[in-house]
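*Asks:* Pasting a structure here, questions to come.
What follows is calculated from the coordinates using simple rules that are stated; it is not laboratory data. All of these numbers come straight from a predicted model, not from anything done at the bench. Glycine gets a Cβ as well: all are built from the backbone with ideal geometry, and neighbour counts include every protein chain shown.
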Amino acid sequence: MSRLSRSLLGAAYVAVSGVAGLLGFTTTAHAAGPVIAFLMPCSTCADRFEGQDKPAFIAAVKALDPTATVIANNAQGSADTQVSQAEAALTNGATVLVVSPLTEAAGAAILAKARAQHAALVSYDGLLTGAQSDFFVSFQNPRVGVLQGQFLIDHLPKGATIAVINGSQDIAPGREFKAGAHEAIDPAVKAGKLKIGFEADTPMFDPAKAQAEMEQGLTTLNDKVDGVLVANDGMAGAVVAALSARHLNGKVLVTGQDATDAGLQRILTGDQTMSVYKAIKAEATAAAKVALLLAHNKTDDAKKLATGSVDSGAGQVPSILLEPKIVTKDNIKQTVIADGYTTLDRICVNAAAASPVCKR
């Protein structure tokens with residue numbers, strides 16, 4: 001190796017070690033580092049888990065501690081698989097599990113297995129309720145529903161009829177999104193500003209089920225609907241498909257969440273009206289910092305990162321809760337593009353390319 005190569009390698013190592021040092025631990029170039037598992041629930045719940053959370057979490061862990069190993073798995077909608085993946089990770093040396101539980105039962109089972117192996121558990125994106133995880137990293141989930149509901153109130157005429165397509169109600173995030181939505185829209189309904197013509201809860205946030213629900217809602221309402229509050233972008237795409245079949249796309253306000261590329265494209269074409277943007281990189285990086293501190297037995301230092309605490313039903317869990325934001329065609333460049341969350345090249349394709357937003 002040349003002197004220059006050794007110098008560059010050394011500089012890179014010092015830079016990474018310096019970042020790790022900020023968290024209170026040091027790394028050595030060849031030492032065996034901690035093993036952390038990153039266990040996501042399903043791709044149908046939200047495609048962001050594979051496309052954004054997973055690579056962002058792995059990159060953050062490696063930047064902070066290059067000796068660390070990340071075992072990343074997705075249960076693809078099977079609670080049994082998620083529990084098995086947790087077992088396998090523990091068998092392979094994981095001392096911290098970062099988990100977005102598919103169901104409460106799966107989360108509780110995983111926590112029990114982690115405790116038996118003296119491993120820590122970080123609830124990620126969705127809080128493990130009814131049990132005491134070590135930390136919770138997410139966004140202000142009820143706020144997501146509030147933003148969606150208030151958007152419809154602000155952009156629909158008095159007396160408008162809406163449909164509500166909620167997410168899964170057997171996990172905390174789905175319940176929180178729904179609770180937030182109703183916190184906003186129930187007073188408007190009581191005041192006569194809105195009417196809820198149809199509402200459904202969608203198991204596992206499954207887009208296919210959401211489309212069937214929307215089709216049922218349109219039949220029930222004889223196509224008389226002015227807006228649809230949809231829990232996330234995956235289901236919003238299915239709702240738009242149901243609306244399109246009846247030539248209602250672009251005429252009905254549709255909400256979403258996660259600011260996926262597909263969702264942003266629909267916003268540019270006018271088929272979807274808004275999405276709730278959550279800075280996934282910030283969430284994944286925060287979870288990586290907490291997980292590494294726990295892996296290095298620096299529990300007190302991890303707690304110092306908390307911005308508050310959340311009641312899990314079994315006690316208060318130290319938490320980092322980030323702020324979600326509304327994205328519309330008017331602020332795409334100032335939010336998701338400016339943050340590097342996505343690029344115009346990725347969203348300005350096919351029909352979306354004709355949007356004024358795509359004019360460089």
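*Asks:* Once whole DSSP H runs in the chain are found, which of them have Cα atoms spread over 24 Å or more along the helix axis and a mean Kyte-Doolittle score of at least 1.0?
*Replies:* 3-22
*Asks:* Going by C-beta contacts inside 10 Å, put Glu213, Glu323 in order with the fewest on the left.
*Replies:* On the way: Glu213 24, Glu323 10.
Fewest-to-most Cβ neighbours within 10 Å comes out as Glu323, Glu213.
*Asks:* Shifting gears a bit: Of Val137, Ala119, Ala210, which is farthest along the charge dipole of the chain in the positive direction, counting Lys and Arg as +1 and Asp and Glu as -1 at C-beta?
*Replies:* After comparing all options, I get Val137.
*Asks:* Counting other beta carbons within 10 Å of each residue's own, what order do Lys62, Lys278 fall into, fewest first?
*Replies:* Starting with the residue having the fewest Cβ neighbours, the order is Lys62, Lys278.
*Asks:* Could you work out [θ]222 nm for the chain from helices alone, using -39500 (n - 2.57) per DSSP H run of at least four and dividing by all its residues? Round to the nearest 500 deg cm²/dmol. The partial results should precede the final answer.
*Replies:* Numbers: 12 runs with 152 residues, N = 360.
Mean residue ellipticity at 222 nm (helix-derived): -13500 deg cm²/dmol.
*Asks:* Cα to Cα, under 16 Å, and not fewer than 8 places away if on the same chain: which aspartates and glutamates meet these conditions relative to Lys298?
*Replies:* Correct list for Lys298: Asp65, Asp134.
*Asks:* Can you give the FRET efficiency to the nearest 0.05 for His118 and Thr220, using r as the Cβ-Cβ distance and R₀ = 51 Å?
*Replies:* According to the calculation, E is roughly 0.45.
*Asks:* Ok, one more. Using a simple spin-label model with points 7 Å from Cα along the Cα→Cβ vector, what separation in nm is obtained for Ala241 and Lys62?
*Replies:* My value for the distance between the label points is 3.4 nm.
*Asks:* Next question. Which of Arg266, Arg360, Arg115 comes first, and how do the rest follow, when ranked by fewest Cβ neighbours within 10 Å?
*Replies:* Arg360, Arg115, Arg266
*Asks:* Calculate the dipole size of the chain relative to its Cα centre from +1 charges on Lys and Arg beta carbons and -1 charges on Asp and Glu beta carbons; express the result in debye to the nearest 20. Please report the intermediate quantities before stating the final value.
*Replies:* Values: 31 positive and 33 negative charges, 197 e Å.
Rounded to the nearest 20 debye, it is 940 debye.
*Asks:* I would also like to ask the following. Is the range 85-182 rounded, prolate or oblate when judged by the Cα gyration tensor, a ≥ b ≥ c being the square roots of its eigenvalues, rounded requiring a/c under 1.5 and prolate requiring a/b larger than b/c?
*Replies:* Note, shape of the range 85-182 comes out prolate.
*Asks:* Further question: What is the range 190-238's relative contact order, in percent, from Cα pairs under 8 angstrom and six or more apart in sequence?
*Replies:* The normalised contact order for the range 190-238 reaches 45 percent.
*Asks:* For the chain, what's the relative contact order in percent, using C-alpha pairs closer than 8 Å and at least 6 residues apart?
*Replies:* 17 percent
*Asks:* Which three extents, in whole angstrom, do the alpha-carbon atoms of the range 131-270 cover along their principal axes, largest first?
*Replies:* Dimensions of the range 131-270 along the principal axes of its Cα atoms: 49, 34, 27 Å.
*Asks:* Using a Cα distance threshold of under 14 Å, what count of lysine pairs results for the range 135-283 when pairs must be 8 or more residues apart or interchain?
*Replies:* 5
*Asks:* Mean separation of Cα pairs under 8 Å and 6+ residues apart, divided by the residue count of the range 118-207: what relative contact order is that in percent?
*Replies:* 32 percent
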